[in-house]
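Asker: Take a look at this one; I'll ask things after.
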Amino acid sequence: MSTLTDGEVERFVVAERSRFTWARCRADVAPFLTRHVTWRALAAGDIRSKYRRTMLGPWWITATNAITALIMGAVAGRFLGADMKTYLPHFMVSMTIWNFIASSLGESCYTMINAGGMIKAVDMPILIHVMRMVQRNLIIFLHNIAIIPVIWLIYPWPIGIVSLLSLFGLALIYVFIVSASTIISMICVRYRDVPPVMNAILQLLFFVSPIIWAPSQIKGGELAVALNPVAYLLAITRDPLMGNVPSLASWAGAVGFIAVLTAAMTYIYTRYRSRVVYWA
């Protein structure tokens, strides 16, 4: 009777752990809710540690982003010949939302790579490392939101109860970031050449998304919006803040894209999470 070698046993265990089942899926994704205190506390600790002994703390990020966005907005607005009273609020809101998306996706490339030692040493669901990173960027995003009321005081625009729809848009963006970050982090920890490619993709998305321009200002802008999922995410969050109701097409595009992405994340995470410890 033949016996299995250590390598064959290891491959068998990995294959069994990787096999997709709905029971395993629920068990793997459960830490998103059951361990929320852990990743929230780790994220808050990261912020405190980074800005310890500083006068403004995380508000330095807000000040830096505000100055950068104001300069970019002024230059781009003059270049496009736009009215600054309408263009600058549009740009500042778009830029604030985009910074949350781009910083999260950019950091996700190195999340599991940097957490390799902890993944190997501590029995902790790897999803917690992704949630820690997303929560850290969410805290920074909430600080950056303080820029918007200041811009409103300078260039006021009509707002109303429709602005509450932006909360639903932000919730969808959060789900998008978690799903995309999980997929990207698992791909990057396996293939270390992907992070530079991801950075290039983010730069491309910035220019093809309606952030520094509006679809009406660019020839073929409507096509770029229709084919760009980021444009839908911006629309369902930015438009309510600007006093406009997002179109049904924007809501349908955002919800459909996020549903597909979340389903893909759930399968990939459940299927390959047990192999991350060997890749990290």
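Asker: In the range 115-150, what residues are in a loop (DSSP other than H, G, I, E, B) and over 18 Å from the mean Cα position of the chain (by Cα)?
Answerer: Ala115, Val122, Asp123, Met124, Pro125, Ala146
Asker: Checking Ser185 against (1) within 20 Å of the chain's Cα centre (by Cα); (2) modelled with pLDDT under 90, which single condition isn't satisfied?
Answerer: In the conditions (1) within 20 Å of the chain's Cα centre (by Cα); (2) modelled with pLDDT under 90, Ser185 misses (2) alone.
Asker: Pull up the range 191-233, narrow it to residues that are aliphatic (A, V, I, L, M) and not in a helix (DSSP H, G or I), then point me to the one that is farthest from Ala254 (Cα to Cα).
Answerer: Of everything passing the filter in the range 191-233, Ile218 is farthest from Ala254 (Cα to Cα).
Asker: Oh, and also: What single numbered condition from (1) crowded, with 19+ Cβ neighbours inside 10 Å; (2) closer than 16 Å to Thr237 by Cα fails to hold for Ala146?
Answerer: The number of the failed condition is (1).
Asker: Hey, among the residues in the range 209-258 that are within 15 Å of the chain's Cα centre (by Cα) and open to solvent by 30 Å² or more (accessible area, probe 1.4 Å), which one's modelled with the lowest pLDDT?
Answerer: My answer is Pro229.
Asker: Test each condition in (1) over 20 Å from Tyr87 (Cα atoms); (2) in contact with a Pro (Cβ under 7 Å, 6 or more places away or on another chain) for Trp157 and report the one that comes out false.
Answerer: It fails just one condition, (1).
Asker: Only one residue in Leu138, Leu127, Leu105, Leu170 is modelled with pLDDT under 90 and closer than 29 Å to Met198 by Cα. Which one?
Answerer: When all the criteria are applied, what remains is Leu127.
Asker: So, one more: From the list Arg35, Arg53, which residue is modelled with pLDDT under 70 and among the charged types (D, E, K, R)? Full working, then the answer.
Answerer: Working: Arg35 fails: modelled with pLDDT under 70.
Among Arg35, Arg53, only Arg53 is modelled with pLDDT under 70 and among the charged types (D, E, K, R).
Asker: In addition: Which residues, taken from the range 154-204, are in contact with a Leu (Cβ under 7 Å, 6 or more places away or on another chain) and open to solvent by 80 Å² or more (accessible area, probe 1.4 Å)?
Answerer: Matches in the range 154-204: none.
The values are calculated or read from the model by the stated rules, or taken from the named source; none is laboratory data. None of the values given here were measured: they were computed from a predicted structure. No Cβ is skipped: glycine too gets one built from the backbone with ideal geometry, and neighbour counts run over all protein chains shown. Areas reflect the complete protein model, heavy atoms only, side chains present, ligands, DNA and RNA absent. Shrake-Rupley method; radii C 1.70, N 1.55, O 1.52, S 1.80 Å.
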